[in-house]
Number of protein chains: 2
Amino acid sequence: MTLPHGAVETPVFMPVGTQATVKAIPQHLLEELDVRILLGNTYHLYLRPGYEAIRRMGGLHRFMSWERAILTDSGGFQVYSLSELRKVTEEGVSFRSHIDGSSHFFSPEHSMDVQIALGSDIAMAFDECTEYPADYARARASLEMTLRWAKRSQEHFERHKHERPWDSAQGSENRAQEMRNQTPNLFGIVQGGMFPDLRRESAERLVEMDFPGYAIGGLSVGEPREMTREMIATTLPLLPQDKPRYVMGVGYPDEIAQYARMGVDMMDCVLPTRAARHGLLFTSEGRLNIRNRQYAEDQGPPDPNCGCMVCRRYSRAYLRHLMVAQESLSAVLNTLHNLAFYVETMRKVRDELLALSF
Amino acid sequence: MTLPHGAVETPVFMPVGTQATVKAIPQHLLEELDVRILLGNTYHLYLRPGYEAIRRMGGLHRFMSWERAILTDSGGFQVYSLSELRKVTEEGVSFRSHIDGSSHFFSPEHSMDVQIALGSDIAMAFDECTEYPADYARARASLEMTLRWAKRSQEHFERHKHERPWDSAQGSENRAQEMRNQTPNLFGIVQGGMFPDLRRESAERLVEMDFPGYAIGGLSVGEPREMTREMIATTLPLLPQDKPRYVMGVGYPDEIAQYARMGVDMMDCVLPTRAARHGLLFTSEGRLNIRNRQYAEDQGPPDPNCGCMVCRRYSRAYLRHLMVAQESLSAVLNTLHNLAFYVETMRKVRDELLALSF
């Protein structure tokens with residue numbers, strides 16, 4: 001993918017940087033991990049520090065000092081999962097902030113305005129993430145509204161996408177000129193619950209709208225893993241192969257490798273970063289709960305087959321100590337390892353696919 | 001100073017790594033900051049992960065993957081300030097752990113055993129840190145016990161200093177051979193409350209015992225700053241100029257520069273790291289509380305005259321956002337800047353002193 005803020009090789013895993021930071025990790029270490037694209041959460045950034053403030057400061061990239069690509073979600077999913085007293089109507093969603101209880105309203109048009117102000121490389125259409133379980137009638141109604149919202153998102157986005165904040169970007173004159181020729185991209189989102197025929201219909205009608213990329217949403221919401229795989233397998237062939245195909249909110253390392261081999265180009269998940277903060281490390285030998293007593297004097301690296309900056313330098317015993325002593329370095333080192341493991345997992349799949357293509 | 005784990009240019013500020021970590025900072029970034037010596041807290045490491053465990057793992061350097069120098073305190077100060085139900089007798093101090101309430105006993109001999117097991121480059125004699133305010137009789141009694149304890153510390157240390165844990169150190173055969181010729185060093189501690197004559201007496205009797213270095217303890221315990229300076233000025237000339245002179249637990253950037261110019265070689269303080277976690281940044285323009293509303297859209301660096309990795313990359317607005325959003329990256333970046341500022345403060349004083357000496 002060639003995006004305003006650089007090229008991204010796919011399939012790719014996108015670490016989640018909810019509040020303009022991948023929790024605990026300085027940006028230069030993300031660069032050292034070879035992270036090429038981050039996900040930012042529109043809902044959180046809208047509430048704090050605010051999208052108008054970020055626009056005034058030249059956009060999210062400049063605000064957080066991250067010159068590589070950023071994808072933003074539409075804000076919808078967090079409104080459903082975090083905010084209080086939400087009310088969904090055809091017009092949009094009204095909700096109260098989980099931070100201070102203040103009242104807000106998101107519509108497809110407003111979500112586009114916010115994402116354009118943030119200066120995302122990839123903005124997402126405003127959708128309704130269908131809950132699980134949902135019956136057929138509910139999934140159908142939700143899907144229909146998501147399609148109407150996709151249309152409204154697209155129309156508003158196309159009218160306003162030139163209002164991106166990076167015209168004030170610093171750097172060379174060449175770079176500034178180059179950025180003036182770039183606009184963000186808007187991806188559509190397939191919904192349809194766990195019903196293959198609704199997934200197919202959603203995909204077909206979305207493709208007719210002609211987005212530069214497509215996401216499969218409403219997965220990893222509590223359904224069994226086999227069902228996730230089935231929905232991806234059903235939907236993927238209906239989305240254009242020559243455009244990025246993104247499965248939102250997955251998954252474990254073996255899942256992201258599996259989906260990438262099926263043809264998924266992009267994935268994101270809080271799992272590597274959130275699990276790290278709880279002491280769960282992903283390794284070539286499986287999952288490892290670093291808090292366990294058995295690692296108290298284990299001087300081996302977290303993963304003997306990993307060459308990341310954590311595995312090269314620190315022992316399981318040390319990481320366990322940091323966790324047990326509730327030291328903040330624990331989250332830093334665990335997160336660095338898990339992200340390195342995810343990045344490496346995707347690199348291996350890319351190599352595999354490249355070898356197959358010859 | 002030439003220590004078992006490398007040379008340290010003085011005057012030097014030692015960041016505090018209480019629980020085998022300078023809170024929130026990976027060791028390779030401490031190296032990038034050019035930190036040459038850390039302070040470890042014997043009380044904390046004794047309780048968790050335990051000194052026998054650290055000894056079995058080859059010592060504190062290997063445990064935390066820090067190959068540069070480490071100084072450990074005696075554990076006394078934390079016993080007085082953190083533990084519960086402490087009882088001080090001539091023999092030593094019994095106390096309960098602040099973590100789980102378990103009962104423990106520290107004597108001069110035991111403190112030496114623990115510090116030798118940790119493998120410190122510099123161990124500190126077990127002292128009683130006289131509280132402030134203390135009357136003359138109390139300061140005299142406390143000083144006398146500290147001197148008796150210094151003698152016991154020294155005798156036990158000299159008998160056991162070859163039991164350091166680093167004989168199992170990894171690395172080249174040359175390096176292993178070199179380490180076998182090295183032993184830790186024990187510094188004595190001057191007490192005497194805020195009474196110049198007691199400080200003088202304490203220093204003179206301690207110097208008679210012939211330690212390889214001397215600390216001035218019992219300062220920065222609540223007394224006015226002018227009194228701190230006076231006690232240092234009184235004591236310093238009585239300590240040998242050709243041996244390291246260490247003032248424990250100070251201070252603000254202007255204080256450490258002032259004391260270094262007076263002839264102090266070593267200082268340590270939690271201030272730069274603790275203040276950072278509360279959003280207080282030290283800069284060439286004074287103190288800056290990054291949480292203040294006025295920085296919400298301030299795109300300047302934290303300190304326009306600082307070349308550290310934080311000031312080169314991030315804005316005040318971004319650091320304020322991280323603080324307000326309670327993001328863990330806040331502690332990482334604030335701490336990196338404050339430590340860089342302290343390291344740079346001492347580097348400038350060293351350059352100044354070097355220029356004066358020509």
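Which shape class, rounded, prolate or oblate, goes with the range A:275-358 when its Cα gyration tensor gives a ≥ b ≥ c as root eigenvalues, a/c under 1.5 marks rounded, and past that a/b bigger than b/c marks prolate? Prolate, because a/c is 1.5 or more and a/b exceeds b/c. Distances between copies of B:L85, taken at a point 7 Å out from Cα along the Cα→Cβ vector and listed shortest first: 5.0 nm.
Between identical copies, the spacing of B:R48 label points, each set 7 Å from Cα toward the C-beta atom, reads 2.7 nm from nearest to farthest. For the protein assembly as shown, lysine pairs separated by 8 or more sequence positions, or belonging to different chains, with Cα-Cα distances below 29 Å total 15. Can you bin the range A:154-309 into rounded, prolate or oblate? Criterion: square roots of the alpha carbon gyration tensor eigenvalues sorted a ≥ b ≥ c, rounded for a/c under 1.5, prolate for a/b above b/c, oblate for the rest. It comes out oblate by the Cα gyration axes.
If you plug the beta carbon distance of A:R287 and A:R56 into 1/(1 + (r/R0)^6) with R0 = 45 Å, you get a FRET efficiency near 0.55. The B:A176 and A:Q177 beta-carbon pair, evaluated with R₀ = 56 Å, returns a calculated FRET efficiency of approximately 0.40. Other residues whose C-beta falls under 14 angstrom from the C-beta of A:F95 contribute a net charge of -1, scoring Lys and Arg +1 and Asp and Glu -1. Heavy-atom accessible area with a 1.4 Å probe sorts B:Y259, B:Y295, largest first, into B:Y295, B:Y259. Going 7 Å from the Cα of B:L356 toward and past its Cβ, which residues in the range B:244-276 have a backbone nitrogen under 13 Å from where you end up? Under cut-off, by backbone N: B:257-265. Span-like helix check, chain B: qualifying full DSSP H segments, with Cα axial length of 27 Å or more and mean Kyte-Doolittle of -1.0 or more, are B:328-357. In square nanometres and to one decimal, what's the mean projected area of the convex hull around the Cα atoms of chain A? Its Cα hull, projected and averaged over all orientations, spans 18.7 nm². For B:Q294, the distances from its label point to the matching points in the remaining copies are 5.7 nm, ordered from shortest, with each point set 7 Å beyond Cα toward Cβ. Provide the solvent-accessible area of A:W166, counting protein heavy atoms only and rolling a 1.4 Å probe, rounded to the nearest 10 Å². Looks like 10 Å² after rounding.
Relative contact order, whole percent, for the range A:249-358 stands at 28, derived from Cα pairs under 8 Å and 6 or more residues apart. Only beta bridges with both residues in the protein assembly as shown are counted; by DSSP, about 40 percent of them are antiparallel. For the peptides A:32-40, B:240-248, residues were scored by their other Cβ atoms within 10 Å and the scores averaged per peptide; the highest-first order is A:32-40, B:240-248. The label-point distance for B:E204 and B:H162, in a model that sets each label 7 Å from Cα toward Cβ, rounds to 3.7 nm. With a 10 Å cut-off around each Cβ of B:316-323, the average count of Cβ atoms from other chains is 4.
Here the accessible area is traced with a 1.4 Å probe on the protein chains. For chain A, carbon and sulfur cover 49 percent of it. Counting only DSSP H runs of at least 4 residues, each contributing -39500 (n - 2.57), and dividing by the residue count of chain B, the helix-based mean residue ellipticity at 222 nm comes to -13000 deg cm²/dmol.
Computed with every protein chain present, the accessible area of A:L354 is close to 100 Å² [probe 1.4 Å]. Rounded to the nearest 10 square angstrom, B:R138 shows an accessible area of 80 square angstrom against a 1.4 Å probe. Averaging 1/r over every pair of different alpha carbons in the range A:1-122 and inverting the result gives a Kirkwood radius of 14.9 Å. Name the most mobile residue of B:Q19, B:Q191, B:Q258, meaning the one with the largest mean-square fluctuation, in a Gaussian network model of chain B with Cα contacts below 10 Å. With Cα springs under 10 Å in chain B, the top fluctuation among B:Q19, B:Q191, B:Q258 is at B:Q258. Entry comment: accessible area of chain A is 39 Å² per residue, from protein heavy atoms only and a probe of 1.4 Å.
Remark: the Cα gyration tensor places the protein assembly as shown in the prolate category, a/c being 1.5 or greater and a/b exceeding b/c.
For the chain pair A and B, the buried solvent-accessible surface (1.4 Å probe, both sides summed) amounts to about 3400 Å².
The values are calculated or read from the model by the stated rules, or taken from the named source; none is laboratory data. This one's a predicted model, so the numbers in the text were calculated from it and none came from an experiment. So basically every Cβ, Gly included, is an ideal-geometry build from the backbone, and we count neighbours across all protein chains shown. In case anyone asks, the SASA skips ligands and DNA or RNA and just uses the protein heavy atoms, side chains included. Shrake-Rupley method; radii C 1.70, N 1.55, O 1.52, S 1.80 Å.
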